[in-house]
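Heads up: the structure comes next, in structure tokens.
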């Protein structure tokens, strides 16, 4: 459930993660099975969801907080939301801090040499904010953030500098105030195109970078009262940031922005990016065999009941099938729905009260259904999309009706919508649980993974057990080995192109700034052989 998803999709993702969590806490399914079935992170899903060991400062704060709150091996967290989606975390192992004597050398190296590490950066900034009394003004911060709009991800955002409210302080360091205006100018000057990222998220990241820089600048202005060791650390931090910015400019961002160069690299090396044998299939995956059997039955019908479409009933006078004026308003709405959604068909099911003979009531109900259908058809709807069905008095709402009001409730037509869209089938089957059923369109590469082994490599339909679920698989075609398209190989090509750009840049640096070796100093470091007289 990442940034950019609709509210409907976000709600579905939250429902699904809660249902998965319930299965884990109630021991109705295993961690391994649920990871295989529902994890959307391919690299970790293949390893049972296991991530490489990590320390603080490496993950999203919400993820870290939940992970480090786990105390017992095997313990799982409640669902955790980050900008990348929903997560459930299981503690596999925990490594405490080694003895100081064992860690001393490594810690010194990290603190004194590796200025680009998150350890130095996080601890340094945190320390400065405390020492220099960094204080945010929350209302001013929110005001600044509200200026962001959809132009910010495009890299074309601007603001009204003449707005006097922007002269207010955003935060203070020591006694020095920093205005909202300063920050907004910084945002404008540093903005780049960030498609897919929300304006709020960009503001948060830029604000964090801005406050870090201002804290460092403030501390640098006071270096005269600091010791030489601290001055050196600041220098190393800046060098690290400079290296990062140069790598971003010459390699990382360039590989993304230089689309023609990226495509040219793929053309020159396309033989490296190959698919093995593949098959193209649609997989209908159900939680159990009974659910899958129901899915097959529904698919044979070819139309699926739309359970979330509530339409009002229409009512008739005694022994009449003519339409009332209020009924026509409802039928206009039905016609409008059918006109907007071409995949829908509608069943008109008409009923009578219990007065009269069975045959009379059956005939009357058919006429009622047909009158409603004909009205809908008169609004431009194809007759084949509206089914008129009469039930007579076989489905009474009030079985022992005595008063006219009670009989009136039975003299009705109801409407049931059906869709040919498979999404309607998914909604129907998943009405009780979003884990019941899913449909996957996949191109599967031949290999040793479970999915590849579970499916017979032949065109046609088949049943299979996949990820501990029951599946109906329709193999549409078998694909021979072939070169990946540019879009299919883009991730791999981008990684290789970045390595190519980095090597190219380093070679240019070597030519521009050839290393000068002090041979005398080198020789002094080489131990001379001892001669025996």
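Assorted remarks:
- (1) 318; (2) 195; (3) 286, with the label sought being that of the calculated volume of the Cα convex hull per residue in Å³: (1)
- In this rough spin-label picture, where each label sits 7 Å from Cα along the Cβ direction, the residue 84-residue 341 distance is 3.6 nm.
- Helix-only [θ]222 nm of the chain, DSSP H runs n ≥ 4, -39500 (n - 2.57) each, per residue, nearest 500: -14500 deg cm²/dmol
- Label zone at residue 75, where the point sits 7 Å out along the Cα-to-Cβ direction: the range 15-49 residues whose backbone N lies under 11 Å: none
- Theoretical FRET efficiency, 1/(1+(r/R0)^6), r = Cβ-Cβ of residue 324 and residue 432, R0 45 Å, to 0.05: 0.75
- FRET E, pair residue 484, residue 409, Förster distance 60 Å, beta-carbon r, rounded to 0.05: 0.40
- Gain on full stretching of the segment that runs from residue 504 to residue 135 - 0.36 nm per residue minus C-alpha separation: 128.4 nm
Just so you know, all these numbers are worked out from the coordinates, no wet-lab data involved. Predicted model, so just to flag it, every value in this text is computed and none were measured. Heads up, the Cβs are rebuilt from the backbone with ideal geometry, glycines too, and the neighbour counts pull from every protein chain shown.
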